[in-house]
Amino acid sequence: RREINHPSEQGGNVAVAYTAIRLGRDGPLLAVGRDLGAIAAIQQRYLEAQQELERGYWRARQAEARYRLLCQVATDAVLLVDAATMQILDANQSAAQLFDLTVQQIIGRPVAFGFERHSRLAIDELLLSARASGNPAEIRARLLGKVSAISVAATPFQADSEMRLLVRVRALDMPGSSVELNATLARLVDSASDGVVVTDSSARILVANPAFLRQARVGTEIEV
């Protein structure tokens with residue numbers, strides 16, 4: 001058996017696997033060839049799929065690392081929720097301070113555990129709506145023993161082929177909290193090698209890091 005590359009009129013080569021058989025003792029040789037183009041195409045698609053899986057794996061790992069870093073520096077309480085069970089998988093220190101518990105005491109609980117009775121149904125509906133629609137959603141609610149209202153926002157995202165919900169709990173009567181959060185986010189994304197932008201609920205850009213400005217070929221955030 002031999003593999004031979006034949007030049008193609010369209011350019012490139014056509015790979016053919018030949019097997020030669022002699023017909024009779026002193027007879028002629030019969031060479032039977034099989035086009036390897038289909039096999040090569042399948043192998044190439046397999047290689048590309050494997051490379052894409054590896055890129056997806058590293059993107060997921062980088063996203064997880066960024067999420068954990070963001071949770072640690074965020075001034076708002078942030079909860080990572082399993083969209084299938086609606087149980088808390090992780091929480092930052094701001095959430096621990098808000099609910100007056102340790103992070104380990106929060107993990108495994110339902111999201112609505114620290115809210116007053118009338119708000120719990122609304123929070124459950126918020127999570128179900130975000131999970132079903134795949135779009136962010138936000139409501140007003142009240143914590144147990146608190147009078148002032150707070151904002152509860154749920155954002156769905158994929159992690160390792162499973163859906164998660166990023167739940168942010170923020171007090172509405174904290175002056176300067178948005179400015180402080182934007183400044184914190186700016187410090188976080190400025191050093192990222194990927195292009196990163198932070199937008200408001202209307203998709204207007206609030207913060208863009210230098211990597212994004214280079215990719216967009218603009219000099220300042222105002223030009224974006």
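The values are calculated or read from the model by the stated rules, or taken from the named source; none is laboratory data. Computed from a predicted model, the values in this text were never measured in an experiment. So basically every Cβ, Gly included, is an ideal-geometry build from the backbone, and we count neighbours across all protein chains shown. Accessible surface areas use protein heavy atoms only, side chains included; no ligands, DNA or RNA. Shrake-Rupley method; radii C 1.70, N 1.55, O 1.52, S 1.80 Å.
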Every residue from region 140-170 that is open to solvent by 40 Å² or more (accessible area, probe 1.4 Å), more than 21 Å from Gln93 (Cβ to Cβ) and modelled with pLDDT of 85 or more: Arg140, Arg142, Met163
Enumeration of residues in region 189-223 that are within 25 Å of Asp76 (Cβ to Cβ), open to solvent by 40 Å² or more (accessible area, probe 1.4 Å) and modelled with pLDDT under 75: Asp190, Ser191, Asp194, Glu221
First in region 124-135 and crowded, with 18+ Cβ neighbours inside 10 Å, second anywhere and in a helix (DSSP H, G or I), Cβ under 9 Å, 6 or more apart: Leu126/Val111; Leu127/Val111; Leu127/Ala112
Yes/no for Glu64 being modelled with pLDDT under 80 and within 24 Å of the chain's Cα centre (by Cα): yes
Test: residue in region 84-107 that is touching an Asp or Glu at 6+ places or on another chain (Cβ under 7 Å), open to solvent by less than 30 Å² (accessible area, probe 1.4 Å), within 30 Å of Leu53 (Cβ to Cβ) and aliphatic (A, V, I, L, M): no
Cross-chain or 6+ apart pairs with Cβ under 7 Å, region 70-82 first and under 14 Å from Arg109 (Cα atoms) and of a type in the set (Val, Ile, Thr), then modelled with pLDDT under 60 and open to solvent by 50 Å² or more (accessible area, probe 1.4 Å): none
Positions within region 110-123 being open to solvent by 30 Å² or more (accessible area, probe 1.4 Å) and either in contact (Cβ under 8 Å) with a residue 40 or more places away in the chain or within 19 Å of Arg170 (Cβ to Cβ) (or both), in sequence order: Phe113, Glu116, Arg120, Ala122
